[in-house]
Amino acid sequence: MKKSRRTFSAEFKAKVAIEAIKEVKTISELAQIYQVHPNLIGLWKKEFLSNAGKVFEAGKDETDQINKLKKENDELVHQIGKLTVDINWLKKRFFDTAADAQGDDRQRRWPDEHLRSM
């Protein structure tokens, strides 16, 4: 019968790594207590220490990303406003040209119903 591979949660790995960093008990004692191989504890400890600095950088990354998204949002809002002005100008221009071509001052109507949503 095949024995399935055990998986450990991140919380469990962190707990064991912190215990190893404290050095109150040896790695062999921790391996017996938590029923894992001593090499795993060494790997978890090494990984924990190498990634410890990222805890304090997380706030900076999020702030930079938020600022980048705000800037992009402002640029898009500006572009939408500019396009809206262009569309309104083109509509006015179209109606002025159409009224001049007909030679009368009739009520200006939309050429197509689907243009009203613009």
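The values are calculated or read from the model by the stated rules, or taken from the named source; none is laboratory data. Please read these numbers as outputs of a predicted model, since none were measured by experiment. We place every Cβ from the backbone using ideal geometry, glycine too, and count neighbours over all the protein chains shown.
A few points about this structure:
For every residue, the table says whether it meets (1) touching a residue at least 12 places away in the same chain (Cβ under 8 Å); (2) in a loop (DSSP other than H, G, I, E, B); (3) not basic (Lys, Arg).
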| position | (1), (2), (3) |
| --- | --- |
| 15 | no, no, no |
| 18 | yes, no, yes |
| 29 | no, no, yes |
| 33 | no, no, yes |
| 41 | yes, no, yes |
| 46 | no, no, no |
| 49 | yes, no, yes |
| 52 | no, yes, yes |
| 55 | no, no, yes |
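- Answer residue from segment 52-70, given it is surrounded by fewer than 10 Cβ atoms within 10 Å (Cβ to Cβ) and at pLDDT 80 or above and is farthest from the chain's Cα centre (by Cα) among those: 53
- Residue in segment 100-108 that is assigned to a loop (DSSP other than H, G, I, E, B), surrounded by 10 or more Cβ atoms within 10 Å (Cβ to Cβ) and at pLDDT below 85 present: yes
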